[in-house]
Structures are given as C-alpha cells and as structure tokens.
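Peer 1: Sharing a structure with you now.
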Amino acid sequence: MLNAFSVIAETPQFWVLNKAAGLSFHSEQGPGLVALAEAQFAEKLYAVHRLDKVTSGLLILARQPAGAAALTQLFASRQITKCYLALSAAKPQKKQGWVKGAMQPARRGAWRLAEAGAAPAVTYFVSQGYQDAPFRAFLLRPYTGKTHQLRVALKSVGAPILGDSLYGGASADRVYLHACALSFSLFGQHYQYQCWPDHGAYFQQLFEMGLPTAWQNPISLPWPAAPALAVVDAEQDQ
C-alpha cells in the first residue's frame, strides 16, 4: 500500500494531511488514519471532519480541544470552503451546474438523491473534456457535508466516478475522487491549502494533458453564492 498520508502543514492548532485513497479514517481491521497520525506525531488528535475510505486528499486533524471545537463549528456552519477533483468515464447530462436533493439510504450501503426533502445535499460542479482521453474531469464544490455526497452527485448526472463500483463507475485502479483545496479562517488567521493527487494512472494522464488554467487555484474560481441552508450537526465523509 502507498504511504498512509503525507504532511501538508503543521500549526499549533492542527495538522493538515494528504490522506491516501483506500485508507479508513477510523480503525477497522487495522489502524485508521487518526490512529496512525497519533502514533507518528506522538500526541492526541481530534477529528473535525472526515474523508471516505476511497477518497484521497486534504484532511484536518486538530491538536487542541479549543481548536477542535472551533473547527468543528466552522465545518458545521459551512464556513470552510472545500474543492474536490474527480474523473468519470461517462458523459454527464450537463457540463456544469447545481446538484441538489435529499440524501436517502439505498442498497448495499449506498445512498441516492431524492428530488425533495429536508436538509438537502448541495453541490456545484464544472467539468472539462479532453480529446482522446478516456475520462472527463470534474471540479466540485460541496456546500453541505453529507455522506457520499459527491459520489452521489456525479452518479445523479450520469457520470459516476471512475473506479467507484458502488455507484456504477467504470473499473479503474482507484476511486478517482480527491479533496484538493481548503480555505478557512480560525482565531483571526486565514488559511488556504491546495494539494493535487499524486496517485492513479488517470490522474497522472490528466496532469500530463494539463488542467484548465482557471482550475489552477480552485478556491479562486467564481463559484456561485452559497444557498441558504440550515446548519448541520457534523461534517460527514465525501
């Protein structure tokens, strides 16, 4: 297996890590990300959000109870901007736009998107096709933090993520979903982090062809204003 994670940044209040795809957040048959990080850093760490096992990318672990409480509140009140990069082998029903709907349990641990319902999952995405490439690239910004939200969002527009067999994605060497950017302010200081995926044959091909210029800094894209939404209790995995 690849290294479980790499360190992107260290502050007195938190670590920012680049999690590997395929690593569980919590310990299952073996130690998960939190346990591995605590062992490496020799300190107690506090989870403030999660990434799904199949998802790679940026993840924050708090180092102090006060910082953990503040970061948890920032996630819950949607004051942290997050962006994700994904690939799909399918052509979407639309090239960009909103995906909104209530998340409902489906079979085999999956979720599905319903047209109506309380506390909807809300995502905005843009996409880019490449001539002769076996995929289309998607840059996504979730405005909520529901379980499997982005995986369900792309499935709902007819473009399941490459490698995501749970949602009908084409077979691949990994699930092609990566948390690539975070931006937030904590205790009066602003933080912004960016990290592109470093594993996966199709991600490698994507970067050889080149990202669209406008995607080079995902946080700075002219994303639409956040819709009015009720505050949620906790940040779930993407």
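Peer 1: Just how large is the dipole of region 5-214 about the Cα centre, in debye to the nearest 20, putting +1 at every Lys and Arg Cβ and -1 at every Asp and Glu Cβ?
Peer 2: 760 debye
Peer 1: Oh, and also: As a test of understanding, state the convex hull volume per residue of region 33-130 from its alpha carbons, in Å³.
Peer 2: That works out to 158 Å³ per residue.
Peer 1: While we're looking at this one, here's another question. Would you mind getting the accessible area per residue of the chain, heavy atoms of the protein chains only, 1.4 Å probe, in Å²?
Peer 2: Per residue, the chain has 45 Å² of solvent-accessible surface.
Peer 1: Counting only protein heavy atoms and a 1.4 Å probe, tell me what percentage of the chain's accessible area is made up of carbon and sulfur. Display every interim value, and only then the final one.
Peer 2: On the way: 5360 of 10810 Å².
Ligands and nucleic acids excluded, carbon and sulfur give 50 percent.
Peer 1: I would also like to ask the following. Using a 1.4 angstrom probe and counting only protein chains, how large is the accessible area of T81 in Å², to 10?
Peer 2: Accessible area of T81: about 30 Å².
Peer 1: Among the listed pairs K19/K91; K19/K146; K19/K100; K82/K155, which have their C-alpha atoms separated by more than 24 angstrom in this model? It would help to have the intermediate numbers written out before the result.
Peer 2: On the way: K19/K91 28 Å; K19/K146 19 Å; K19/K100 27 Å; K82/K155 20 Å.
As for pairs spanning more than 24 Å Cα to Cα, those are K19/K91; K19/K100.
Peer 1: Can you give the Rg and Dmax of the chain based on its C-alpha atoms, in angstrom?
Peer 2: For the chain, the Cα radius of gyration and maximum Cα-Cα distance read 17.0, 51 Å.
Peer 1: Between E43 and Q216, what's the calculated FRET efficiency when r is the beta-carbon distance and R0 is 41 Å? Round to 0.05. Don't skip to the answer; put the middle values down first.
Peer 2: Working: r = 34 Å, r/R0 = 0.84.
Approximately 0.75, to the nearest 0.05.
The values are calculated or read from the model by the stated rules, or taken from the named source; none is laboratory data. Bear in mind the structure is a predicted one, so any value in this text is a computation, not a measurement. Heads up, the Cβs are rebuilt from the backbone with ideal geometry, glycines too, and the neighbour counts pull from every protein chain shown. In case anyone asks, the SASA skips ligands and DNA or RNA and just uses the protein heavy atoms, side chains included. Shrake-Rupley method; radii C 1.70, N 1.55, O 1.52, S 1.80 Å.
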